[in-house]
1. Would you please list the contacts, defined by Cβ atoms under 6 Å and residues six or more apart or on different chains, that run from a residue in segment 97-111 that is part of a loop (DSSP other than H, G, I, E, B) to a residue that is surrounded by 11 or more Cβ atoms within 10 Å (Cβ to Cβ) and of a type in the set (A, V, I, L, M)?
2. Filter segment 158-173 down to the residues that are of a type outside the set (Ser, Thr, Tyr) and outside any loop (DSSP other than H, G, I, E, B) and list them by number.
3. In this structure, does residue 41 turn out to be within 23 Å of residue 125 (Cβ to Cβ) and either in contact with a Lys or Arg (Cβ under 6 Å, 6 or more places away or on another chain) or open to solvent by 10 Å² or more (accessible area, probe 1.4 Å) (or both)?
4. Do the conditions hold for residue 163, that is, is it in contact with an Asp or Glu (Cβ under 6 Å, 6 or more places away or on another chain), open to solvent by 10 Å² or more (accessible area, probe 1.4 Å), within 16 Å of residue 36 (Cβ to Cβ) and of a type outside the set (Asp, Glu)?
5. Looking at (1) modelled with pLDDT of 95 or more; (2) surrounded by 13 or more Cβ atoms within 10 Å (Cβ to Cβ); (3) more than 25 Å from residue 60 (Cα to Cα), can you tell me which one residue 145 breaks?
6. Yes or no: segment 103-120 includes at least one residue that is of a type outside the set (Ser, Thr, Tyr) and in contact with a Pro (Cβ under 9 Å, 6 or more places away or on another chain).
7. Of everything in segment 92-132, what is at pLDDT below 95, surrounded by fewer than 14 Cβ atoms within 10 Å (Cβ to Cβ) and within 17 Å of the chain's Cα centre (by Cα)? Give them in sequence order.
8. Go through (1) at pLDDT 95 or above; (2) touching a strand residue (DSSP E or B) at 6+ places or on another chain (Cβ under 7 Å) for residue 71 and report which single condition fails.
Amino acid sequence: MFLPLPTPVPGSSTVAPGSPGAPSEADLLAFARRAAADTQLVSSLPLDPQGRTWMRLNGPGDSEAWLIGWPPGTGTGWHDHGGSHGAFATAGGVLTEHSLAARMPTDGWRSLELADDIDRERKLSEGEGRAFGAHHVHQVFNASAEQHAVSVHAYYPPLPLMRRYSRSGQVLRLEQVEWPQEWA
């Protein structure tokens, strides 16, 4: 079951990150952990043996939130969140995150050579989560060969775009920019 992202409404009332009323990274992580602990919510997500499934949730303070099912061996590939900060928490199974420990420039490049010792890996089991800033580049995947994983993700402001990257050794290449209207 794939539900499209909503198209942003021009002139919407999204509050700038860091402003009073805007959810912080800590707020998004607390929400993701609460939602991930809600067994009734988690069990309502249909799981597909072949592809990821997702369901839109009402996040805190006009944030964008998703409940996502990950079949064995599936993942996102390298991407960023278009300048939104966010958080995710694992509700079941184990997710692995590979991330880059550097603030990445968002515009003006097609290819970057990454420094040594920039890679980070985290394994997030049921109940574990993490928050990240607006310049975060990562990939998330379910490395299990047998078990589904389920997670909750929240972003603020709602995703304006996503950049997708390929990686060969220490070279990160911008491959595609996705816009919300393409997800509908």
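1. Final answer for the pair search is 101/118; 102/118; 104/137; 110/174.
2. 162, 163, 164, 167, 171, 172, 173, listed by residue number.
3. For residue 41, the condition - within 23 Å of residue 125 (Cβ to Cβ) and either in contact with a Lys or Arg (Cβ under 6 Å, 6 or more places away or on another chain) or open to solvent by 10 Å² or more (accessible area, probe 1.4 Å) (or both) - is met.
4. no
5. Failing condition for residue 145: (2).
6. yes
7. If the condition is that a residue be at pLDDT below 95, surrounded by fewer than 14 Cβ atoms within 10 Å (Cβ to Cβ) and within 17 Å of the chain's Cα centre (by Cα), then 101, 103 are the ones that fit.
8. Every listed condition holds for residue 71 apart from (2).
The values are calculated or read from the model by the stated rules, or taken from the named source; none is laboratory data. As the structure is a prediction and not an experimental result, all values here were calculated from the model. All Cβ positions, even for glycine, are placed from backbone atoms using ideal geometry, and neighbour counts span all protein chains on display. Quick note on the areas: whole protein, heavy atoms, side chains included, nothing else; ligands and nucleic acids left out. Shrake-Rupley method; radii C 1.70, N 1.55, O 1.52, S 1.80 Å.
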